[in-house]
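Here is the structure we will look at.
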Amino acid sequence: MAGPLKTDAIVLRSLRYGEADRILHLYTPHRGRIGAIAKGVRRTRSRFGGRLEPFRRVRLICHEGRGELLTITGVETLDAHAALGEHAATLDAAARACDAVARIFETEEPHPEVYNLLANELALLASNPALACHANALAFRLKLLVAAGLAPALSSCASCGELENIAAFSAAAGGVVCSACEAGSFPLALETYEFMTAALAQPLAQAPSCSPGALREAERAISETLEHHHHLRLRAAVAR
Amino acid sequence: MSVYAAPIQRLVSELSKLPGVGNRTAQRLAFHILRTSTEDADALAQAIHDVKQRIGLCEICCNLAEGPRCRICEDDRRDASVICVVEEPADVIALERTHEYRGRYHVLGGALSPIDGIDAEDLHIAELLRRVAVPESAVREIVLATNPTTTGEATALHIAEALHERAPQVSVTRLASGLPVGADLEYADEVTLGRAFAGRRAV
């Protein structure tokens with residue numbers, strides 16, 4: 001396995017390490033989530049400069065030794081997303097998006113669609129700060145659920161297949177349930193149901209909007225799905 | 001079972017907890033301490049003890065201080081109308097080395113990073129707002145000198161927003177970012193170069 005590795009990556013997280021190094025959590029299209037060390041990157045004379053800050057999309061050359069971490073030897077910026085740093089809300093939304101990816105997809109199993117989805121989300125947030133909102137964050141998380149194989153069943157009752165009388169959401173059943181199967185579920189408003197179906201069907205840039213109450217319900221459905229099937233509790237989709 | 005006597009093993013284990021010190025370096029340091037005179041070893045132990053007993057946070061700026069206030073806050077010659085906000089005490093030392101700044105400081109104790117569980121309440125932001133927003137405050141300018149990293153930028157934006165709301169009469173500035181002196185332009189990254197270009201000035 002030793003040798004150079006060339007890959008595109010998005011910097012999810014950056015942790016100070018030692019005197020002037022950083023350990024990076026990266027998401028790549030063909031190697032999933034990987035860890036790497038950037039030596040001397042905190043020095044002002046580092047050749048990496050600011051290229052390895054979180055949310056940057058970069059092309060990396062890494063040395064893959066026997067250890068767990070790759071060592072970054074070269075970096076080229078593909079998309080700096082510099083505009084994210086102009087607003088606290090976009091920085092926060094980008095951080096939550098990266099955190100969700102890092103925690104749901106924490107292995108090296110490749111998910112190129114997740115890489116593309118995150119790249120798209122960061123580019124959208126950088127180009128339009130108004131998208132740093134609850135609806136967009138939930139639409140992004142719903143699409144992550146699809147990529148993780150946890151897409152909630154929304155077309156019919158997840159327990160009995162009934163097409164009518166959809167009344168509630170059950171994480172254990174794996175989606176919406178009808179009034180006859182709603183034990184262990186929570187009531188789901190029609191507005192929430194419509195938001196979730198539209199968010200899954202439409203591109204991120206056209207994420208539908210709805211009332212704050214319906215967004216809270218949709219977030220509960222996503223959170224309970226992840227907790228039940230992935231044993232994972234994500235941070236809130238937006239700052240409270 | 002360790003090959004060393006218990007006190008040596010304990011010293012090695014304590015030294016290896018220091019940042020950047022692995023087991024091998026800890027062993028080397030432990031044997032160095034064993035070889036030095038008793039006076040030198042006692043002086044080291046006493047220095048560690050004193051720093052823990054006598055150093056605390058300045059009641060005004062949250063910088064490291066021996067006693068209630070740090071040397072900078074006690075110095076009447078420093079300009080009280082300007083406060084430079086930094087993340088860590090080490091940043092104060094870096095800025096003092098420039099000999100360009102004669103104002104006072106405020107040390108936040110870190111940078112905002114909600115993903116890592118560091119929120120505004122975990123930093124000394126409330127203390128800064130209290131310093132600035134009181135009616136008798138002489139502060140006219142706040143210089144935000146947090147690191148030009150993602151967390152540093154988020155912290156600067158958060159503080160600027162709070163200051164505009166709580167103390168609109170105070171001018172809020174951010175340290176310029178651009179090319180390091182002595183570096184080649186062709187090696188600068190896009191964001192740094194872009195900012196240097198945006199912040200160009202007439203000559």
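Observations on the model:
- Cα lying deepest toward the dipole's positive end in chain A, options A:Y115, A:L200, A:H229, charges on Cβ: A:Y115
- Computed over neighbours whose Cβ is under 14 Å from that of B:D76, the net charge equals +3, Lys and Arg +1, Asp and Glu -1.
- Across region B:1-57, Cα-Cα distances exceeding 15 Å account for 57% of all pairs.
- Using alpha-carbon coordinates, inclination of helix B:38-54 to the longest axis of chain B, degrees: 40 degrees
- Averaging over all projection directions, the Cα-based convex hull of region A:84-240 occupies 8.9 nm² in the image plane.
- DSSP bridge orientation in the protein assembly as shown - percent antiparallel, rounded to nearest 5: 70 percent
- Positive minus negative residues near B:F31 (Lys, Arg vs Asp, Glu; Cβ under 15 Å): +2
- GNM top mover of B:A65, B:A26, B:A126 - chain B, alpha-carbon springs below 10 Å: B:A26
- Distant-in-sequence amide contacts of A:L188, defined by a placed amide H-H separation under 5 Å and a gap of 5 or more residues or a different chain, comprise A:A168, A:F169.
- 3J(HN,Hα) along region A:165-180, derived from phi through the Karplus expression 6.51 cos²θ - 1.76 cosθ + 1.60 where θ = phi - 60°, amounts to 6, 5, 10, 8, 10, 10, 5, 5, 6, x, x, 6, 10, 7, 4, 6 Hz, with x in place of Gly and Pro.
- Among B:Q169, B:Q46, B:Q27: highest mean-square fluctuation, GNM of chain B, C-alpha pairs under 10 Å: B:Q27
- Phi-based couplings in Hz for region B:11-22 (Karplus 6.51, -1.76, 1.60; Gly and Pro marked x): 5, 4, 5, 5, 5, 6, 7, 5, x, x, 10, x
- Considering only the Cα atoms of region A:108-170, their convex hull presents on average a projected area of 6.0 nm².
- Summed side-chain charge close to B:V191 - residues other than B:V191 whose Cβ falls under 14 Å, Lys, Arg +1, Asp, Glu -1: -3
- The amide H of B:E87, built 1.01 Å from its N in the peptide plane, has B:L108, B:N147 as neighbours under 5 Å, considering only residues 5 or more places off or on other chains.
- Of the trypsin sites (Lys or Arg not before Pro) found in region B:121-203, those in coil by DSSP whose Cβ has at most 12 other Cβ atoms within 10 Å are B:R200, B:R201.
- For chain A, the share of DSSP beta bridges that are antiparallel, to the nearest 5, is 90%.
- The calculated P(r) of region B:3-149, using every Cα pair and 10 Å bins from 0, goes 10, 29, 25, 21, 12, 3, 0 in percent.
- Between the listed residues A:L163, B:C70, A:V177, the Cα displaced farthest toward the positive end of the dipole of the protein assembly as shown, a dipole computed from Cβ unit charges relative to the Cα centre, is found at B:C70.
- A straight line joining the Cα centroids of region B:1-67 and region A:40-84 runs 35 Å.
- Only alpha carbons enter this Debye calculation for the protein assembly as shown, each as an equal point scatterer, and the log10 of I(q)/I(0) it gives at q = 0.13, 0.14 Å⁻¹ is -1.23, -1.31.
- In degrees, nearest ten, helix A:112-127 long axis to first principal axis of chain A (Cα): 90 degrees
- Size of charge dipole - chain A - debye, nearest 20, with Cβ of Lys, Arg +1 and Asp, Glu -1, no other charges: 1340 debye
- The HN-Hα couplings worked out from phi for region B:160-177 by the Karplus form 6.51 cos²θ - 1.76 cosθ + 1.60 (θ = phi - 60°) are 4, 4, 5, 5, 4, 7, 8, 9, x, 6, 8, 7, 10, 10, 10, 4, 5, 10 Hz, whole numbers, x standing for Gly and Pro.
- Only Lys, Arg (+1) and Asp, Glu (-1) charged, at Cβ; chain B dipole about Cα centre in debye: 340 debye
- Among B:E165, B:E127, B:E88, residue whose mean-square fluctuation peaks in a GNM of chain B (springs only between Cα atoms under 10 Å): B:E165
We did not get these values from a lab; they are worked out from the coordinates using the rules stated. What you see is a predicted model, and the numbers here were worked out from it, not measured in a lab. Methodologically, a virtual Cβ is constructed for each residue, glycine included, from the backbone with ideal geometry; neighbour enumeration extends over all protein chains shown.
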